[in-house]
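J.: Sharing a structure, written as structure tokens. Questions coming.
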Amino acid sequence: MSEGPVTVSGMTKTAIKATKSSYRCSECGWTSVRWVGRCGQCQQWGSIEDVAGVQQPSVGSVIPLTRAVPITEVDPSLTTRCSSGVGELDRVLGGGLVPGAVVLLAGEPGVGKSTLLLEVAARWAATQGTTLYVSGEESAGQVRMRALRTGADSENLYLAAETDLSVVLGHIDQVEPTLVVVDSVQTIASPSVEGTPGGVAQVKEVASSLIRVAKQQGIPVILVGHVTKDGAIAGPRTLEHLVDVVVSFEGDRHSGFRMVRATKNRFGPADEIGCFELNDKGIEEVPDPSGVFTSSHAESVSGTAVTVCLEGRRPLVTEVQALVVPTSLQTPRRVSNGVDFARLAMVLAVLQRRAAVKCHLLDVYASTVGGARITDPGADLALACALASAIQDRPLPEHTIAIGEIGLAGEIRRVPDVDRRLAEAARLGVTTAVIPQGLDLGRSARFSAHLSIIEAPSVAYALSVLDLRKKKGGDS
């Protein structure tokens, strides 16, 4: 005689789906049927967690409170951008802060994250309305001292030195701000979640709660994030997936120049940069940074070349310097600063094999000026020219730039937005430009009166035109 279904906690046994125990990575979500010490996808150690073997019953449909509407009926004014008060930051964000957007700003200790965001909070409070600045690392008195030093104070700027998530949410309900800054997300902890502040579970819970408040109330929220010793954003990888915008704050601590670079942006371009200068009075915008990345010499010096890199939509005139000396080691040194080491090794190999520039017995040092970090492949030709100039001990002609990506066959490849690069070079007084061959120069006709353009099909041809393939005393 069969019995009826047995209920267990309000559910029938037939509604419960028994599954085998599985394991999931808390960083990227990768799953495995057995426990392993290292994730097979993101390669993180100690991130594999046991997932319960019994799943909850499937959820049925629920009548929504609001109906779905055609996208053409959505009011675009609901997401109108508001200026942060800092033009360079607005450029990176795509024009300003969007209501309900969550921005993650990460950077090394001492780079100026708190100084920049305190300036943003003060300017927002003076123009847009009440602002709440939550400091989990400093007391309210310490933040006030910085505000007095930098002039970033306003009656509408509220400070709260808290590390408890529930108290932070209470401040948001009480103050009713139009902007929230949390410095930093790794110092805030939720009492409902186990683990120390900054742990995987805590960071996910804090970020999820703040994101939920931002979306429900339409408040832009800026989170400060720590970085690891490798420069990656600390915490779970899901943190970067949850937020709308990820911005990195870069700069050499021995230099006052700072760069804000967007690596993710749901509301605009993800490759824009903003330029700032950190000094005793706080942080100031640098709307025209091209002169920062070049140096002035009383006379022509070998081993220097100038190019125009494209960071997002902004062209930056950047100087590359190279120094070579005979090596005393069995394996020559290769040192780079601001130049990708792999690109340096590749350019040296192309010079050796395709342009007959001997460099295998030389120590090579390559660097940029002003702490710039070159990621644009269009700077390859300038790096090659600087290396050849240093090896031949012959300077490049004055007021000359080199733009182009180098291939392994020694060819010079095309790069995007050459017109914009040439316009910036002409504005700064450049008279000669070496660029890849085959570009449509019809739109660049306006530069012909002030700029002599040389089209080079290969590295060897470019070095020959610039007289960098012969030594002073003979052939290379």
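The values are calculated or read from the model by the stated rules, or taken from the named source; none is laboratory data. Everything quoted here is computed from the prediction, not taken from an experiment. Reconstructed Cβ throughout: ideal geometry from the backbone, glycine too, with neighbour counts over all protein chains shown. The accessibility values were calculated without ligands, DNA or RNA, using every heavy atom of the protein model including side chains. Shrake-Rupley method; radii C 1.70, N 1.55, O 1.52, S 1.80 Å.
J.: Just name the residue that is most open to solvent (accessible area, probe 1.4 Å) out of those in segment 149-164 that are under 21 Å from G235 (Cβ atoms) and either among the small types (G, A, S) or part of a loop (DSSP other than H, G, I, E, B) (or both).
T.: Restricting to residues being under 21 Å from G235 (Cβ atoms) and either among the small types (G, A, S) or part of a loop (DSSP other than H, G, I, E, B) (or both), the top hit is T163.
J.: Given the options R266, R261, name the one that is under 15 Å from the mean Cα position of the chain (by Cα) and open to solvent by 50 Å² or more (accessible area, probe 1.4 Å).
T.: R266
Yes/no matrix, rows are residues, columns are (1) at pLDDT 95 or above; (2) more than 20 Å from the chain's Cα centre (by Cα):
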site: P197; (1), (2): no, yes
site: A214; (1), (2): yes, yes
site: R237; (1), (2): no, no
site: E240; (1), (2): no, no
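J.: While we're looking at this one, here's another question. Report whether or not S77 is more than 22 Å from S184 (Cα to Cα), open to solvent by less than 80 Å² (accessible area, probe 1.4 Å) and at pLDDT below 95.
T.: Taking the combined requirement at face value, the residue satisfies it.
J.: Here's a follow-up. From the list Q352, Q321, which one is closer than 26 Å to D417 by Cα and of a type in the set (S, T, N, Q)?
T.: None of the other options fit; the residue is Q321.
J.: Considering only segment 214-237, how many residues are outside any strand (DSSP E or B), in contact with a helix residue (DSSP H, G or I) (Cβ under 6 Å, 6 or more places away or on another chain) and not small (G, A, S)? Even if it seems obvious, please write down each step before you answer.
T.: Our first condition is that a residue be outside any strand (DSSP E or B); within segment 214-237, this holds for 214-220, 226, 228-232, 234-237.
Filter once more, keeping what is in contact with a helix residue (DSSP H, G or I) (Cβ under 6 Å, 6 or more places away or on another chain): 235-236.
Subsequent filtering for residues that are not small (G, A, S) retains 236.
Selection size over segment 214-237: 1.
J.: When segment 417-435 is examined, which residues are found to be charged (D, E, K, R) and open to solvent by less than 10 Å² (accessible area, probe 1.4 Å)?
T.: The answer is R421, and nothing else.
J.: What number of residues within segment 267-317 satisfy the criterion of being charged (D, E, K, R) and farther than 24 Å from D90 by Cβ?
T.: Within segment 267-317, residues that are charged (D, E, K, R) and farther than 24 Å from D90 by Cβ number 2.
J.: Which one of A345, A366 is among the aliphatic types (A, V, I, L, M), under 30 Å from P289 (Cα atoms) and exposed (fewer than 15 other Cβ atoms within 10 Å of the Cβ)?
T.: So the residue among A345, A366 that is among the aliphatic types (A, V, I, L, M), under 30 Å from P289 (Cα atoms) and exposed (fewer than 15 other Cβ atoms within 10 Å of the Cβ) is A345.
J.: Return the residues of segment 375-416 that are crowded, with 18+ Cβ neighbours inside 10 Å and over 31 Å from the mean Cα position of the chain (by Cα); say none if nothing qualifies.
T.: Matches in segment 375-416: A388, S389, A390, I391, Q392, R394, P395, L396.
J.: Looking at segment 170-178, is at least one residue more than 19 Å from Q216 (Cβ to Cβ) and at pLDDT 95 or above?
T.: No, there is no match, as no residue in segment 170-178 is more than 19 Å from Q216 (Cβ to Cβ) and at pLDDT 95 or above.
J.: Which condition from (1) modelled with pLDDT of 95 or more; (2) part of a helix (DSSP H, G or I) is the one that R146 breaks?
T.: Among (1) modelled with pLDDT of 95 or more; (2) part of a helix (DSSP H, G or I), R146 violates only (1).
J.: Which members of segment 329-356 meet the condition of being in a loop (DSSP other than H, G, I, E, B) and touching a residue at least 12 places away in the same chain (Cβ under 8 Å)?
T.: As a first pass, look at segment 329-356 and keep what is in a loop (DSSP other than H, G, I, E, B): 329-333, 338, 340, 355-356.
Once the filter is applied, which keeps residues that are in a loop (DSSP other than H, G, I, E, B) and touching a residue at least 12 places away in the same chain (Cβ under 8 Å), segment 329-356 yields L329, P332, R333, G338, D340, A355, A356.
J.: How many of the residues in segment 282-303 are closer than 24 Å to L344 by Cα and either in contact with a helix residue (DSSP H, G or I) (Cβ under 6 Å, 6 or more places away or on another chain) or open to solvent by less than 10 Å² (accessible area, probe 1.4 Å) (or both)?
T.: Total satisfying the criteria: 4.
J.: Can you name the residue in segment 165-207 that is touching a strand residue (DSSP E or B) at 6+ places or on another chain (Cβ under 6 Å) and more than 30 Å from A126 (Cβ to Cβ) and is also surrounded by the most Cβ atoms within 10 Å (Cβ to Cβ) among such residues?
T.: Q202
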